[in-house]
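Quick notes on the structure that follows.
The values are calculated or read from the model by the stated rules, or taken from the named source; none is laboratory data. Computed from a predicted model, the values in this text were never measured in an experiment. Every residue, glycine among them, receives a Cβ derived from its backbone with ideal geometry; neighbour counts consider all protein chains shown.
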Amino acid sequence: MLENARQNLIRILQNAHAGELAAGFAYRGHWKSLRESDEKKQIKIIETEEWLHRDNVRKWLTELGAEPRRLREAVFWTIGQSLGVLCFVSGWFLPMYFAGRLESQNILEYEEAAKYANELNMKACEREMLEMSRVEAQHEEFFSRMVAAHRLLPVTKKFFGWS
Ligand SMILES: [Fe+2]
Ligand SMILES: [Fe+2]
């Protein structure tokens, strides 16, 4: 049913809007904790891409006559700030691992959004959701490459399940 597709799409976009806020702050905290390097440059770029995603998601929410949910925004603001700070104290492995894991959820989230946009015959929206999903896949690729060789990976995978 179309009304269901619309509600589902709005819900995913509201979640994504808050999620991108957390991601943006977490990446900002992370690159600030690094010394000058290619890795630092890469993560700065990723931060920029998350803010673009957030703007894009906001645009489609408006189009659908909906808005971000305040409470969720506040919760994810806090998560983002905490992850950002964590980067300064925990070393790089855990924040990178969680970043990669978050990204792998985002890929699916935007794919699902694209599916609902298709049902609603919102072609431009579908295209942009698939594009964001593709960018999230690149982010995931980057983070999994970063953690691949780390000695803590096998143990952490067992606990948190991301492969
Ligand atoms: Fe994103
Ligand atoms: Fe991302």
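See the values below:
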{"quantity": "Flag for Glu103 being within 14 Å of the chain's Cα centre (by Cα), among the charged types (D, E, K, R) and farther than 17 Å from Asn8 by Cα", "calculated": "yes"}
{"quantity": "Every residue from the stretch 57-88 that is surrounded by fewer than 19 Cβ atoms within 10 Å (Cβ to Cβ) and more than 30 Å from Met122 (Cβ to Cβ)", "calculated": "Thr78, Gln81, Ser82, Val85, Leu86, Phe88"}
{"quantity": "In the stretch 104-131, residue nearest to Arg54 (Cα to Cα) [restricted to those that are hydroxyl-bearing (Ser, Thr, Tyr) and at pLDDT 95 or above]", "calculated": "Tyr110"}
{"quantity": "Residues of the stretch 89-120 classified as under 28 Å from Ala5 (Cβ atoms), in contact with a Leu (Cβ under 8 Å, 6 or more places away or on another chain) and either touching a residue at least 40 places away in the same chain (Cβ under 8 Å) or surrounded by fewer than 20 Cβ atoms within 10 Å (Cβ to Cβ) (or both), total", "calculated": "7"}
{"quantity": "Filtered residue count, the stretch 33-45, keeping only those that are buried (at least 16 other Cβ atoms within 10 Å of the Cβ) and not in a helix (DSSP H, G or I)", "calculated": "1"}
{"quantity": "Boolean, Gln14 is on the phi < 0 side of the Ramachandran plot, surrounded by fewer than 22 Cβ atoms within 10 Å (Cβ to Cβ), within 15 Å of ligand 1 (Cβ to nearest atom) and free of Cβ contacts under 8 Å to residues at least 60 places away in the same chain", "calculated": "yes"}
{"quantity": "Residues (among the hydrophobic types (A, V, I, L, M, F, W, C) and closer than 12 Å to Ala23 by Cβ) located in the stretch 76-107", "calculated": "Phe76, Trp77, Ile79, Leu83, Phe98, Ala99, Leu102"}
{"quantity": "Odd one out for Trp51 among (1) modelled with pLDDT under 95; (2) touching a helix residue (DSSP H, G or I) at 6+ places or on another chain (Cβ under 6 Å)", "calculated": "(1)"}
{"quantity": "Output for the stretch 134-147, where each listed residue is near ligand 2 (Cβ under 10 Å from one of its atoms) and buried (at least 17 other Cβ atoms within 10 Å of the Cβ)", "calculated": "Val135, Glu136, His139, Glu140, Phe142, Phe143"}
{"quantity": "Unmet criterion (only one of (1) more than 13 Å from ligand 2 (Cβ to nearest atom); (2) free of Cβ contacts under 8 Å to residues at least 24 places away in the same chain; (3) of a type outside the set (D, E, K, R); (4) in a helix (DSSP H, G or I)) for Thr48", "calculated": "(1)"}
{"quantity": "Residues of the stretch 53-109 classified as part of a helix (DSSP H, G or I), away from ligand 1 (no atom under 16 Å from the Cβ) and of a type in the set (Gly, Ala, Ser), total", "calculated": "2"}
